[in-house]
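Each remark here refers to the structure printed beneath this line.
Read-outs: derived from the displayed coordinates by stated rules, not from any lab. What you are looking at is a predicted structure, and each value in this text was computed from that prediction instead of being measured. Ideal geometry is used to build each Cβ from the backbone, glycine not excepted, and the neighbour counts take in all protein chains shown.
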Amino acid sequence: MRIVFMGSPRFAVFPLLGLVRVGHEVIVYTQPDRPAGRGQRLYASPVKQAATEHGLRVVQPEGFKRSPETVRDLAELRPEVIVVAAFGQILPPVVLEIPRWGCLNIHPSLLPRYRGAAPVPAAILAGDEFTGVSIMLLDAGMDTGPVFCKVQIPVLGYDTTATLTDKLSRIGGALLLELLSRYLQGELTPRSQDAAGATYCRPVAREDGEIDWRLPAVEIWRRVRAYHPWPGAYTAWAGKRLKILEAFVPEETCPAAPGTVVDLGGKAAGFGVVTGVGVLGVLRVQLEGKQAVAAADFMRGQRGFIGARLALSRNPDLE
């Protein structure tokens, strides 16, 4: 088949490589290269990098809505189906009508739960025991189209957005290959979503990572996992940003004020931080401008750290 594949982040790489491996003719659409890092150097998306390594044609449109030429060029490719996986752009109806078999979307949630841009962090933040991946037929709404199939997996206590996204990407890629062969033979019909059960999640913003120590320890622990690797869960120490990379919730309690650093008495965690409810045990940290280290090593190298009080969030909504 001639397939146009639209995707950008790492989540989309495994489905793309699966299509290539089984011999489909794949043309890749991905986001334009973006500046990143201190030097603002241009970086290609993970999908572009994978496509280039496999000699695939790559198209990087700024958007479809304001560019009739981009839509026309896509139509001239005559794709039989368009596969979308975290592309980062909304497809207008004129694009949805191009392929004979429509546009299939791989979405990392159990639709209709967590429609929107950041379903994986949303599942971790909510403390969900399970999440999954859905393959749906795109329509003009935000993840509102009928669903072909869903696969459910557990959310483990050590899962972060990074680890969970990789699992769902692999499952979604395998599910796509199985679905395509059956769908194109007329064996599958998608089912409408139950709109009454729909929830939505907004994109993650950089400032979401700032820790408010007045929150319960279990909620901060979820944020540490949900915001890894980006934007990271962070606080401030000695005038610098301190990222909490790994944490857990011990049984200990402490009467000190939220944000107070405490010694956990030689346990696996180097230190704890008192929260609004309970203590957050910290396993790994990264001080701004430094390498990531074990929390115990960091504690030993910071004079006056135990007993200090870390900065509370500057978010006025939490005052």
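Within the set of other residues whose C-beta is less than 14 Å from the C-beta of M1, count the net charge using Lys and Arg as +1 and Asp and Glu as -1. Mind showing how you got there, number by number?
Details: positive: R2, R21, R78, R100, R182; negative: E25, E80.
Around M1, the surrounding residues sum to +3.
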Worksheet item: List the lysines whose alpha-carbon lies under 21 Å from that of K240, not counting same-chain residues fewer than 8 positions away?
Response: K290
Worksheet item: Taking the Cα centre of each part, how many Å lie between the range 120-198 and the range 199-243?
Response: 25
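How large is the helix-only mean residue ellipticity at 222 nm for the chain, computed as the sum of -39500 (n - 2.57) over DSSP H runs with n ≥ 4, divided by its residue count, in deg cm²/dmol to the nearest 500? Please list the in-between numbers first.
On the way: 8 runs with 76 residues, N = 319.
Per the formula, -7000 deg cm²/dmol.
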Worksheet item: Which of the lysines could a cross-linker span from K48 if the Cα-Cα distance has to be under 26 Å and same-chain partners fewer than 8 positions apart are dropped?
Response: K65, K167
Discussion item. From Cα pairs below 8 angstrom and at least 6 apart in sequence, can you work out the relative contact order of the range 2-201, rounded to a whole percent?
Written reply: 21
Discussion item. Can you give the local net charge around Q193? Use residues other than it whose beta-carbon is closer than 14 angstrom to its beta-carbon, Lys and Arg +1, Asp and Glu -1.
Written reply: +1
Discussion item. Amide H of W237 versus every other amide H placed in the peptide plane: which residues, excluding those fewer than 5 positions away on the same chain, fall under 5 Å?
Written reply: L242
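Which whole-number percent gives the relative contact order of the range 206-318, counting Cα pairs below 8 Å spaced six or more residues apart?
Working: 240 pairs, mean separation 32.0, N = 113.
Rounded, it is 28 percent for the range 206-318.
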Worksheet item: Roughly what % of DSSP beta bridges within the chain run antiparallel, to the nearest 5?
Response: 65
